[in-house]
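Please read the structure below before turning to the comments.
The values are calculated or read from the model by the stated rules, or taken from the named source; none is laboratory data. In this text the structure is predicted, and so the values were computed from the model without any measurement. Quick reminder, even Gly has a Cβ in these numbers, built from the backbone with ideal geometry, and neighbours come from all protein chains shown.
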Amino acid sequence: MQTSRRSFLKIGLAGAVTLAAGGLLYRQFRAAPQQFELDSPGRDMLAAVIPVMLGPVLPDGPERAAALDDAIEAVRIAIVGLPLAVQKEVQDLFGLMALAPTRRLLAGIPPWAEATPEQIAAFLQSWRGHRLALLQSAYHALHDLIIGSWYAQPAHWAAIGYPGPMKELAA
Amino acid sequence: MSAVPDPIQAGLAAGWKVIDAATLDGHRTLEADVVVIGSGAGGGVTAEILALSGLKVLIVEEGALRSSKDFKMREAEAYPALYQESAARKTRDKSINILQGKAVGGSTTVNWTSSFRTPPATLAFWQREFALKDYSPEALAPWFAMMEQRLHIEDWPTPPNENNELLRKGAAKLNIPVAAIRRNVKGCWNLGYCGMGCPTNAKQSMLVTTIPSALQHGATLLTHARAERFVWQGDRADSLQCSALSADGLAPSGSRITLRARHFVVAGGAINSPALLLRSRAPDPHSLLGRRTFLHPTLISAGIFEQAVDGFSGAPQTIYSDHFLETQAIDGPVGFKLEVPPMHPVLLSTTMAGFGQLHADTMRQFSHLQGMLALLRDGFHADSRGGRVHLRSDGSPELDYVMSKPMWEGAQRALLTMAEIQFAAGALKVAPVHEQARHYSSWAEAQKEIAALPMKPLQTRVASAHVMGGCTMSGDERSGVVAGDGRYRGLSNVSVHDGSLFPTSIGANPQLSIYGMTARLASQLAQQLTGKPAAQPRAA
């Protein structure tokens, strides 16, 4: 954790350049998709980040795996409803978070499957207040996509005391 | 199926001329007397007046034709279907989230029905600084009155919901005057879901008023068609090139549509209207096009109350205060209008800061949260010149808007004021929406800590539901691309009729300003094109 915090402080301009270059590099690896595609590394990233973003809202116990799968799919659906130019930006962000060098430099964490919740919380917290606006906005994108698509689902309304719209008109 | 009559489905069954461009194969050419680009507040009003005046009108809309049968009050469906960029349109640096409509009816299909005439102080500023001599409250009054009658804009007799009542109560404790908001509704059920499309057709949006009226008078509506660029011939727009979109509205389907007309009215709303003219390389000798785009940048504060607030239920906006607009010079320290937002799970959860346990704790208070908004009045202070619309490499628009120092100072005052009012109303805690704010337990604590919060993009949450300007209207060609009569300068057959005309922000929810001003512009245009007085729209 200490190491990852220190590495953040060092990012600065070099980090911004790397970030931009990483995006370009990533785009060359794969043909620019017309539509966002959630590939396996992207799925791994979400599977690691979603439980930390949602915290105690994600159920424990036997339902957890299915709830996480649903949450991942809800994020994917939210992304593919965005304009293509924005989908491409999200694809680039997912790409940067998948590639080992950029993930280590920007998020300071090991492969997603090995990262602890504490490491992920530290990375989210550091992006949240980062002096690079690009990383702050990446945090907001993850925040809004994960949290928004969770509370969009009627199954999650009772827990917050939201009765939902008038049934007669919502059918 | 609900028993609510659906005027759109009835009209389609009766033979309205509606073409869904997503269903077209190959290229088409269509002709009309006037092509109206956009079906929101400006386009809807214009299309009706021109069609009633006997002109053959064609309305082009990028979004889909949806109606009450589709409005199921669920954010997951409403935002992608009815809003630009799934209600997540953002400024270039991603720091301001913009709510703007995208469907037939434009933003009027999803707005919260708040109706204000343009404040006299705003018009006085326009007359003084932008040489708009015809824009006095007296000259505009008959046009506002006409549109108020047309759209049933009236006092709202029902008591405010608790979310609004707490604004009234807190302000009263502090001797801050408030007033009631007039609404464009007829037979409103007081449900609270205006932002997801009115399921009962009570809201008198363009979707259920002017657009059906225009269609009944022979207009054609072309949906899922994106206006790409004008083709010029000398100083005339010879045609408008449009791309048909796929049914999901995200990508061009490959079919192109050429629209020819005597006259073209640009009414795509701020951001999209200047973008069309920028893509078309319209004359812009003073480099003004796209500049002076305003947002009413909006700060948000959440109060947690002991009692249930249920801010999702009931008319969303019924109480406001202009105290902090009226107590200082219009071009002095930036003032703000106070209102409240409807509280729905997606809008609220994405707005509230933090993640994990902290965010979950906030959401558990969902039904006890009261939301308050402060809309900053931008465009009047010498250092509040708004943002600029750019084109991305694919031609889509993006707004570069940077909050200047006087705007951030206004933002900090706004967060302080809202917290003070919420505590005065009895809040147990107040959470200003800021990444570094905490949930404060007293006004003394909040006052001290809010004053120390850094006012910075992406740290202070800023939103906008009112995009204005970018095709500035001015009596002086050096300060506006459009003249006071709505005609685009340097072009003989192009007008702009929407909120992009405004040379500053309005200082109030802008729908009635757009209705009244474009009603006058459209009536003048109808008279010029037909040689006869324009027809007057009347409520059914």
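For the range B:165-192, residues that are closer than 24 Å to residue B:38 by Cβ and either among the aromatic types (Phe, Trp, Tyr) or in contact with a helix residue (DSSP H, G or I) (Cβ under 8 Å, 6 or more places away or on another chain) (or both) total 1.
When the range B:236-271 is filtered for residues that are assigned to a loop (DSSP other than H, G, I, E, B) and either buried (at least 16 other Cβ atoms within 10 Å of the Cβ) or in contact with a Pro (Cβ under 8 Å, 6 or more places away or on another chain) (or both), the ones remaining, listed by number, are B:246, B:249, B:250, B:267, B:268, B:269, B:270, B:271.
Restricting attention to the range A:129-156, and to residues there that are within 7 Å of chain B (Cβ to nearest Cβ) and in contact with a His (Cβ under 8 Å, 6 or more places away or on another chain), which single residue is farthest from residue B:352 (Cα to Cα)? Top of the filtered list is A:136.
Scan the range B:355-382 for residues that are closer than 25 Å to residue A:51 by Cβ and either out of contact with any strand residue (DSSP E or B) (no Cβ under 7 Å at 6 or more places or on another chain) or not in a loop (DSSP other than H, G, I, E, B) (or both) and report the count.
12
In the range B:60-116, the residue that is farthest from the chain's Cα centre (by Cα) out of those that are within 11 Å of chain A (Cβ to nearest Cβ) and among the basic types (Lys, Arg) is B:69.
Scan the range B:308-334 for residues that are buried (at least 24 other Cβ atoms within 10 Å of the Cβ), assigned to a loop (DSSP other than H, G, I, E, B), in contact with an Asp or Glu (Cβ under 8 Å, 6 or more places away or on another chain) and away from chain A (no Cβ under 14 Å) and the total you get is 2.
Against the condition within 23 Å of residue B:99 (Cα to Cα) and either at pLDDT 95 or above or outside any strand (DSSP E or B) (or both), how does residue B:15 come out, does it pass? It is false that residue B:15 is within 23 Å of residue B:99 (Cα to Cα) and either at pLDDT 95 or above or outside any strand (DSSP E or B) (or both). Note on the range B:448-474: residues that are farther than 21 Å from residue B:405 by Cβ and under 24 Å from the mean Cα position of the chain (by Cα) total 9.
The residue of the range A:157-170 that is farthest from the chain's Cα centre (by Cα), among those that are facing another protein chain (nearest Cβ under 7 Å) and part of a loop (DSSP other than H, G, I, E, B), is A:166. Scanning the range B:504-537 for residues that are more than 23 Å from residue B:215 (Cα to Cα) and either outside the structural domain of residue B:39 (by TED's automatic domain parsing) or surrounded by fewer than 24 Cβ atoms within 10 Å (Cβ to Cβ) (or both) yields a single hit, B:509. Can you tell me which residue among B:329, B:282, B:302, B:353 is without any contact (Cβ under 8 Å) to a residue 40 or more places away in the chain and over 18 Å from the mean Cα position of the chain (by Cα)? Sole residue among the options that is without any contact (Cβ under 8 Å) to a residue 40 or more places away in the chain and over 18 Å from the mean Cα position of the chain (by Cα): B:329.
Restricting the search to the range B:122-147, which residues are in contact with a helix residue (DSSP H, G or I) (Cβ under 7 Å, 6 or more places away or on another chain) and aromatic (Phe, Trp, Tyr)? Quick ask: steps written out before the conclusion?
From the range B:122-147, those in contact with a helix residue (DSSP H, G or I) (Cβ under 7 Å, 6 or more places away or on another chain) are B:123, B:132-133, B:135-137, B:140, B:143-144, B:146-147; that's our starting set.
Hits for the range B:122-147 are B:135, B:143, B:144.
Scanning the range B:190-208 for residues that are among the hydroxyl-bearing types (Ser, Thr, Tyr) and touching a His at 6+ places or on another chain (Cβ under 6 Å) returns no hits.
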